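A.B. asks: Quick one: this structure, given as structure tokens, is what I'll be asking you about.
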Amino acid sequence: MLTNAIIAESASEFTTDVCSGLTKPDQKELPSKYLYDQVGSRLFEVICELPEYGLTRADERLLRLHATEIVERVPGQVVVAELGSGSGKKTRWILEALSRHRPTSYYPIEISATALAMCERELADIDSISIVGFEHEYLDGLLKVAARHQDGQRILVLSLGSTIGNFDHPADVSFLREMRLILQPGDALLLGTDLQKPILQLIEAYDDPLGVTAAFNLNLLARINRELDADFVLEQFEHVAKFSSVTRSIEMHLRSRQDQVVTIHKTGLSVPILENETNWTESCHKYSPQEVVSMAEDAGFRCDAQWIDHEWPFAENLLMAE
Ligand code: AVI
């Protein structure tokens, strides 16, 4: 088993994105990808265990039940590229089903070095799988995987856990389209999508009574303090989860409890923030099964199969590049 990581630098992009997000004229915004530093990735692991957050368990149930059928639908020599591998626990089902019949290369792609390391540890014991991690943005990493691709191999891309739902619409379709441009006909994408469910259930999932999701969200301000020498006082912000019926998304925000001025000392930027003003940190779109099929077609894929968990409505969609 060969394990190594290919790493990209992004510290200055973080600085630029934070400064431009905090100075947006109408709604302050901080990109959700920055929630996942070392602390955030660990808090997200805890969120996945919470009784109120059924998404990860539904995803795992579907993969456990249908992994054999999923890999049978992608015959031949397959390399697996996973976008946002997380801990790698759910991926085990797919890799084990593949490695029963064929040696397989697995490329987890993550911007979080912590998550990449967790995933590599978790999957190190599966025989016939070679792992090479890419510490990159998803599409950059996928381009690197495609460049290593040999004739006769198919790429099976995994985007599990409804990561796609964290792109605002229509950025989700654009993301699929960009992915499709990197892939060849016959390559496949297994796309996990969280489905619509009662609003109260969603609010509990994103504002859990233990406060883990609140800590996950507030950690973004703590991260800016740590990495950019800012002076956010965490007690002066509160976590808010609300449902937008226009976009059918849960939105996470950080609401200011008072008028205040925050300084990012590393850049010298000072930002006035009003009482009740919010920083928008994440959107989590909830799909209908048909919406996923149409979105896939718009992006140049054909939906080959769809498996739905009814305990926590969630769909695993196998999309074929045409
Ligand atoms: C990673 N992503 C799919 C999670 C979600 O449910 O949208 C992120 C998350 N945010 C708060 N809780 C979980």
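The values are calculated or read from the model by the stated rules, or taken from the named source; none is laboratory data. Quick caveat, the model's predicted, so the values are computed rather than measured. Here the Cβ is made from the backbone with ideal geometry for all residues, glycine too, and neighbour counts use every protein chain on show. Surface accessibility is based on the protein's heavy atoms, side chains included, excluding ligands, DNA and RNA. Shrake-Rupley method; radii C 1.70, N 1.55, O 1.52, S 1.80 Å.
A.B. asks: Among 279, 113, 23, flag the residue with its Cα farthest along the positive direction of the charge dipole of the chain, charges on Cβ as +1 for Lys/Arg and -1 for Asp/Glu.
C.D. replies: 113
A.B. asks: Related question: Where the only charges are on Cβ atoms (+1 Lys, Arg; -1 Asp, Glu), what is the dipole of segment 54-127 about its Cα centre, to the nearest 20 debye?
C.D. replies: My answer is approximately 200 debye.
A.B. asks: In debye to the nearest 20, how big a dipole does the chain give about its Cα centre with +1 on each Lys and Arg Cβ and -1 on each Asp and Glu Cβ? Numbers along the way, then the final one.
C.D. replies: Values: 29 positive and 50 negative charges, 105 e Å.
My answer is approximately 500 debye.
A.B. asks: Loop only by DSSP, 10 or fewer other Cβ within 10 Å of the Cβ. Give me the GluC sites (Glu not before Pro) in segment 109-147 that pass, ordered by residue number. Could the numbers behind the result be given before it?
C.D. replies: Numbers: sites: 110, 120, 122, 135, 137; in loops: 137.
Sites meeting the loop and neighbour criteria: none at all.
A.B. asks: Quick check: residue separation of residue 17 and residue 147 times 0.36 nm, minus the Cα distance between them. What number comes out in nm?
C.D. replies: Numbers: separation 130, 0.36 × 130 = 46.80 nm, distance 2.88 nm.
My answer for the length gained is 43.9 nm.
A.B. asks: Convert each backbone phi in segment 143-152 into a coupling constant with the Karplus relation 6.51 cos²θ - 1.76 cosθ + 1.60 (shift: θ = phi - 60°), then list the ³J(HN,Hα) values in order as whole Hz, x for Gly and Pro.
C.D. replies: Working through the residues one at a time gives 4, 5, 5, 4, 5, 8, 4, 9, 4, x Hz.
A.B. asks: Once fully extended, how much extra length lies between residue 124 and residue 310, figured as 0.36 nm per residue of separation less the alpha-carbon to alpha-carbon distance?
C.D. replies: Working: separation 186, 0.36 × 186 = 66.96 nm, distance 3.19 nm.
Roughly 63.8 nm would be gained on extension.
A.B. asks: Next question, about the same structure. Ratio of the chain's C-alpha Rg to 2.2 N^0.38 Å, to two decimals?
C.D. replies: Rg over 2.2 N^0.38 Å, computed on Cα atoms: 1.00.
A.B. asks: How high is the relative contact order of the chain? Use alpha-carbon pairs under 8 Å, at least six apart in sequence, and give a whole percent. Walk me through the numbers before you get to the answer.
C.D. replies: Details: 639 pairs, mean separation 67.5, N = 322.
RCO, the chain: 21 percent.
A.B. asks: Per the 1.4 Å probe, what fraction of the accessible area of the chain, in percent, lies on carbon and sulfur atoms? Spell out each step's value before the answer.
C.D. replies: Details: 7180 of 13860 Å².
The value for the chain is 52 percent carbon and sulfur by accessible area.
A.B. asks: What angle do you read, to the nearest 10 degrees and between 0 and 90, between the alpha-carbon axis of helix 38-47 and the longest principal axis of the chain?
C.D. replies: Once rounded, the angle reads 70 degrees.
A.B. asks: Relative contact order of segment 1-146, please, whole-number percent, based on alpha carbon pairs below 8 angstrom and at least 6 residues apart. All intermediate terms of the calculation are to be shown ahead of the outcome.
C.D. replies: Values: 196 pairs, mean separation 43.5, N = 146.
So the answer I get is 30 percent.
A.B. asks: Let me ask something additional. By how many nm would the segment from residue 302 to residue 140 lengthen if fully extended, with 0.36 nm per residue of separation less the alpha-carbon distance? Could you put the intermediate results ahead of the total?
C.D. replies: Values: separation 162, 0.36 × 162 = 58.32 nm, distance 2.35 nm.
The residue 302-residue 140 span can extend by a further 56.0 nm.
A.B. asks: Once label points are set 7 Å from the Cα along Cα→Cβ at both residue 201 and residue 259, what is their separation, rounded to one decimal in nm?
C.D. replies: 4.4 nm
A.B. asks: Put +1 on the Cβ of each Lys and Arg and -1 on the Cβ of each Asp and Glu in the chain; which of 260, 95, 225 then has its Cα farthest toward the positive end of the dipole?
C.D. replies: 95
A.B. asks: Separate question: Which distance in Å, rounded to a whole number, links the C-alpha centroids of segment 251-271 and segment 173-199?
C.D. replies: For segment 251-271 versus segment 173-199, the Cα centre distance is 35 Å.
A.B. asks: Counting only heavy atoms of the protein chains, get the accessible area per residue of segment 82-226 (1.4 Å probe) and round it to a whole Å² value. Mind showing how you got there, number by number?
C.D. replies: On the way: 5590 Å² over 145 residues.
On a per-residue basis, segment 82-226 sits at 39 Å².
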